[in-house]
Amino acid sequence: LEMREGFGQTEGPVLIANFKWIDPKPGSTGKPSPLFNIQLLDSEGNLCDDGEEGTISICDIDKSFPVGLFTGYYKNPELTEKVLGGKNYNTGDMAWRDSNGYYWFVGRNDDVIKCSGYRIGPFEVESALIEHPAVVECAITAAPDPIRGQVVKATIVLAKGYTASPELTKELQNHVKHVTAPYKYPRIIEYVDELPKTLGGKIKRAQIRQKDHQK
């Protein structure tokens, strides 16, 4: 079966996807919808080059407001003006684009981990861990570290038949090093019975980060 991933938000429809008219790339989020002027912007609002991480943005909404994009937050005009009052709508999600125009999702801007000068997206590390048969679910977050600033932490729900142990922790760390890159492996692994989630099933990474900062 062909896997056709896509990216969208509550604030709008599908923005990027492996649509029927393009050949899907495994792991890629696909290409932008032709209904929107979607670009990757850096922290200063400049266009990103291929291979450079940036924020997924719908551009020039001040000139022509796109059909399908939300028009405001309920009873919150201040937030509406902040988000929609400028030239571009910033989704808050990070990605990079390859030379063929395919987009590769990194994660929420506030979820990206900054460890010893490296920027690490949680999505890639989570995808690597899920490949291991011992992992049912996982959440990658930033844990505070006095030397590196932040380190990668994995909160994991184990599959039946597996028990938390130092040996399993080492095995999972080596697995991530092999699948992604050595600097992306989780230096901290916590095993839990379940992950905190919203009613819609999204993992509450902010709640995990808050708990770690209170320790």
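The values are calculated or read from the model by the stated rules, or taken from the named source; none is laboratory data. A quick note: this is a predicted structure, and the numbers were derived from the prediction, not measured. So basically every Cβ, Gly included, is an ideal-geometry build from the backbone, and we count neighbours across all protein chains shown.
Worth pointing out:
- Per-region count, region 188-213, residues at pLDDT 95 or above and either among the hydrophobic types (A, V, I, L, M, F, W, C) or closer than 16 Å to Glu124 by Cβ (or both): 4
- Check on Thr91, in the same structural domain as Phe36 (by TED's automatic domain parsing), touching a Leu at 6+ places or on another chain (Cβ under 8 Å) and touching a residue at least 12 places away in the same chain (Cβ under 8 Å): yes
- Restricting region 101-121 to residues that are among the small types (Gly, Ala, Ser) and touching a residue at least 24 places away in the same chain (Cβ under 8 Å), the residue that is nearest to Asp50 (Cα to Cα): Gly101
- Qualifying residue in region 195-205 (condition: under 19 Å from the mean Cα position of the chain (by Cα) and touching a residue at least 60 places away in the same chain (Cβ under 8 Å)): yes
Okay, residues lined up against (1) surrounded by fewer than 16 Cβ atoms within 10 Å (Cβ to Cβ); (2) part of a helix (DSSP H, G or I); (3) out of contact with any strand residue (DSSP E or B) (no Cβ under 8 Å at 6 or more places or on another chain):
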position: Thr169; (1), (2), (3): no, yes, no
position: Lys177; (1), (2), (3): yes, yes, yes
position: Tyr183; (1), (2), (3): yes, yes, no
position: Pro186; (1), (2), (3): no, no, no
position: Glu190; (1), (2), (3): no, no, no
position: Leu195; (1), (2), (3): no, no, no
position: Leu199; (1), (2), (3): yes, no, yes
position: Ala206; (1), (2), (3): yes, yes, yes
position: Gln210; (1), (2), (3): yes, yes, yes
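- Within region 157-179, the set of residues being in contact (Cβ under 8 Å) with a residue 40 or more places away in the chain and over 18 Å from Ala143 (Cβ atoms) comprises His175, Val179.
- Flag for Glu137 being touching a helix residue (DSSP H, G or I) at 6+ places or on another chain (Cβ under 9 Å) and buried (at least 18 other Cβ atoms within 10 Å of the Cβ): no
Every residue, every condition in (1) touching an Asp or Glu at 6+ places or on another chain (Cβ under 8 Å); (2) among the small types (Gly, Ala, Ser); (3) modelled with pLDDT of 95 or more; (4) within 19 Å of Gln9 (Cα to Cα), yes or no:
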{"residue": "Gly30", "(1), (2), (3), (4)": "yes, yes, yes, yes"}
{"residue": "Ile38", "(1), (2), (3), (4)": "no, no, yes, yes"}
{"residue": "Ile56", "(1), (2), (3), (4)": "yes, no, yes, yes"}
{"residue": "Cys59", "(1), (2), (3), (4)": "no, no, yes, yes"}
{"residue": "Phe70", "(1), (2), (3), (4)": "yes, no, yes, yes"}
{"residue": "Lys75", "(1), (2), (3), (4)": "no, no, yes, no"}
{"residue": "Glu78", "(1), (2), (3), (4)": "no, no, yes, no"}
{"residue": "Asn88", "(1), (2), (3), (4)": "yes, no, yes, yes"}
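- Residue match in region 80-87 (condition: under 27 Å from Met3 (Cβ atoms) and either exposed (fewer than 15 other Cβ atoms within 10 Å of the Cβ) or in contact with a Cys (Cβ under 7 Å, 6 or more places away or on another chain) (or both)): no
- Among the residues making up region 122-140, those that are in contact (Cβ under 8 Å) with a residue 40 or more places away in the chain and either assigned to a loop (DSSP other than H, G, I, E, B) or closer than 11 Å to Tyr185 by Cα (or both) are Pro122, Glu124, Val125, Ala128, Leu129, Glu131, His132, Ile140.
- Leu158, sole failed condition from (1) within 21 Å of Ala206 (Cβ to Cβ); (2) touching a strand residue (DSSP E or B) at 6+ places or on another chain (Cβ under 9 Å): (1)
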